[in-house]
Structures are given as C-alpha cells and as structure tokens.
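The values are calculated or read from the model by the stated rules, or taken from the named source; none is laboratory data. Everything numeric here is computed off the predicted structure, so don't read it as measured data. Positions of Cβ are backbone-derived with ideal geometry, glycine not excepted, and every protein chain shown enters the neighbour counts.
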Amino acid sequence: MTEAQAAWGREVLLSVEDGIAWVTLNRPDKRNAINPGIVREMNAVLDAVEEDDAARVLVLTGAGSAFSAGQDLKEYFREPDQGPPLARERLLSANAAWQWRRMRFFPKPTIAMVNGWCFGGAFQVLIACDLAIAAEDARFGLSEINWGIIPAGIVTRAVADVMSQRDALYYIMTGETFDGREAAAMRLVNRAVPADRLRAETEALARRLMEKNPHVLRAAKTAYHHVRQMSWEQAFDYLLAKSDQTKYRDPERGDQEGMRQFLDEKSYRPGLQAYRRDG
Ligand code: COA
C-alpha cells in the first residue's frame, strides 16, 4: 500500500470504476456520522480524485442505512468542545475544507447519492455537490433544534441557497424529517428514485456528464457560483472574460469542434446532444 492509499480506506472508501469515483462514507455502525477520521480521509480522497485522470465524475454516498447522520455529536462536538480551542478550530476548518470549500468548486462534476439518513451537517456537502439523487425513502432532517443548537457550520447558509424560505424555516424550526420524494419536490435534490434504482440512475447521470467537455464543465460550474454574487453588469463582463478564458485554455477547443460538427459536417444537433469528442 502506498502512502497515499494509507490516507483513507477505513472511514472513507474510494473505488474508481469506468470513470466514476465512488466515494463512500464508511461508518455504517455510526450512521456515517462525520468524525475527525472522516474529515481527514475525505480531504485525502478529494486530493486523490482530483489528481486521478481516470476519475471523471465523483459520486458521494454512504455505507449501510445512512448517507450521513451529520456531524458526530461525540467526536466532532463534545470532545473538541472540551479540548484546546485551537485544535477545535483546526478541525472545523478541515471539515469546511472538504464539505463545502473544495466541494463547491471541485474541478470534476460531483453527485450526492443519498441512500438513507441525511441530517444536519450532512446538508453542507449535499448542497455543495453539483447534483443530487435520493432514494425515495431516504430521510432528511435539520435536527439541530432537537438537541439545542442552531444549524451552524455553513448549514443555514447552504440551505438558504437551495430551499425556499418557507421550507427552510419550517424544517430549521420544527426539526421534522422529510423523505426523498419531498426533498425532490422542494428541489433540495434533483430527483428521487426507488431505492433499488438509485445506483443505476446515478451511474446513468454520471455517464451523461462524462460525454461533455470536462474543461467546459468545470468553468460552467465555477461561473455559476460566482455570478450569483454579482450584479448583472459585473456578471456580463465576468462571463465574457470567463468564456474567452475557457476557450483559450480548452485543450480540445470544444467550441470550434462543436460548430464544425454541426455547421459543416451536419453530424449532430447541439440542442439534443453533445458533440462527438473522439474525433
Ligand atoms: N453523532 C454521533 N453518533 C451518532 C450520530 C451522530 N450524529 N448518529 C448516529 N450515531 C450513533 C448512535 O449513537 C449509535 O451509536 P451506538 O451504537 O454506539 O449506540 C449508532 O450511531 C446507531 O444510531 P441509532 O440511533 O441506534 O440508529 P437508528 O438507525 O435507530 O437512527 C438516526 C438513526 C440517524 C435517526 C439517529 O442515529 C439520530 O438521530 N442521529 C443523530 C442525527 C443528528 O441529529 N445529526 C445532526 C448532527 S449535526
């Protein structure tokens, strides 16, 4: 085992198959509650997936009955709260690094595959992933109110980004749970599918993303996140610059090829599919 491999494999599993990096939170006995071990291993796994050319789409899921029961009340809250403040700060920062700082701008497409329980802190990475598919019977909840804290970390901010005010405040204030179907109806996830179709549907979505130009995909999601904070005038200028930068840096000059295949070769229709990337 290389030094890099030793950095994960206990509390986070990684397997790269046919272009998909399957990343599995692996504390099923603790419902994949996020502890310092997961924080450490996830940061190492993100490095590995970023560097591995064979990994083209990242799928995050959980082992057993949970996606993740959120932050570990014992190892992430109680023990660090009682320890040195600087060590606690380092843990919080390392957790923010994988759950949302890196994940929102991860250079490859990311999909959250929500297979079961999804609580509290797990909403951070759920929302930071580009796309999300849930099992219809997965159960979600902002349970913080039930044990006497506010949804901190970045949970409240993330939730405000994707849920309506009525839904966000309802679930923040009641701590009630909702299922995958309801999560899809409120657009917290893209869609909900029967549990026995979850992996196949996620894989099909990953394959659709793999047909696209990866360089442009990366620029498109980066631009999306940035322009949301800008005025229209700023966004117009930024998008022109970003678009030019993307063309300039794109090793396959996708725009030229896409236009050539449509206008000259007449071999595909961009309204209906991606241009052929093998030639
Ligand atoms: N932190 C620490 N431990 C957790 C945990 C968490 N967030 N979620 C689950 N666990 C542990 C339990 O303490 C239990 O440990 P034990 O076997 O040593 O007693 C084990 O995981 C199994 O949990 P259990 O409650 O028996 O499983 P369940 O399937 O009946 O219920 C949940 C699953 C997720 C509904 C329940 O565990 C729960 O409410 N967890 C807390 C969720 C939460 O509030 N998260 C927000 C954190 S920000």
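See the values below:
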{"item": "Near pairs, Cβ below 9 angstrom, 6+ apart or cross-chain, from the stretch 69-81 (of a type in the set (Lys, Arg)) to any residue that is part of a loop (DSSP other than H, G, I, E, B) and more than 6 Å from the ligand (Cβ to nearest atom)", "result": "Lys74/Asn35"}
{"item": "Test: residue in the stretch 64-76 that is part of a helix (DSSP H, G or I), in the same structural domain as Gly153 (by TED's automatic domain parsing), more than 13 Å from the ligand (Cβ to nearest atom) and of a type in the set (Lys, Arg)", "result": "no"}
{"item": "Residue count for the stretch 44-63, restricted to those that are under 21 Å from Ala132 (Cβ atoms) and either within 16 Å of the ligand (Cβ to nearest atom) or assigned to a helix (DSSP H, G or I) (or both)", "result": "7"}
{"item": "Number of the exception - Glu211 against (1) crowded, with 16+ Cβ neighbours inside 10 Å; (2) in contact (Cβ under 8 Å) with a residue 40 or more places away in the chain; (3) not polar (S, T, N, Q)", "result": "(1)"}
{"item": "Filtered residue count, the stretch 103-145, keeping only those that are assigned to a strand (DSSP E or B) and either of a type in the set (Phe, Trp, Tyr) or away from the ligand (no atom under 11 Å from the Cβ) (or both)", "result": "13"}
{"item": "Residues within the stretch 169-191 that are within 19 Å of Asn115 (Cα to Cα) and either among the polar types (S, T, N, Q) or not assigned by TED's automatic domain parsing to the domain that holds Leu142 (or both), tallied", "result": "2"}
{"item": "Verdict on Asp29 being within 27 Å of Glu201 (Cα to Cα), assigned to a helix (DSSP H, G or I), in the same structural domain as Gly141 (by TED's automatic domain parsing) and within 13 Å of the ligand (Cβ to nearest atom)", "result": "yes"}
{"item": "In the stretch 131-145, the residues that are in contact with a Ser or Thr (Cβ under 7 Å, 6 or more places away or on another chain) and either buried (at least 24 other Cβ atoms within 10 Å of the Cβ) or closer than 18 Å to Ala160 by Cβ (or both)", "result": "Ile133, Phe140, Gly141"}
{"item": "Failed item in (1) out of contact with any helix residue (DSSP H, G or I) (no Cβ under 6 Å at 6 or more places or on another chain); (2) assigned by TED's automatic domain parsing to the domain that holds Gly62; (3) touching a residue at least 60 places away in the same chain (Cβ under 8 Å), with Arg218 passing the rest", "result": "(2)"}
{"item": "Residue pairs meeting the criteria (Cβ under 8 Å; at least 6 apart or on separate chains; first free of Cβ contacts under 8 Å to residues at least 24 places away in the same chain, in the stretch 229-247; second part of a helix (DSSP H, G or I) and among the hydroxyl-bearing types (Ser, Thr, Tyr))", "result": "Met230/Tyr238; Lys242/Thr222"}
{"item": "Single unsatisfied condition, Ala200 versus (1) without any contact (Cβ under 8 Å) to a residue 40 or more places away in the chain; (2) within 23 Å of Ala112 (Cβ to Cβ); (3) among the small types (Gly, Ala, Ser); (4) surrounded by 15 or more Cβ atoms within 10 Å (Cβ to Cβ)", "result": "(4)"}
{"item": "Any hit, the stretch 236-258, residues being closer than 27 Å to Tyr268 by Cα, in a loop (DSSP other than H, G, I, E, B) and of a type in the set (S, T, N, Q)", "result": "no"}
{"item": "The stretch 168-224, residues that are outside any helix (DSSP H, G or I) and among the charged types (D, E, K, R)", "result": "Glu176, Asp179, Arg187, Arg191, Glu211, Lys212"}
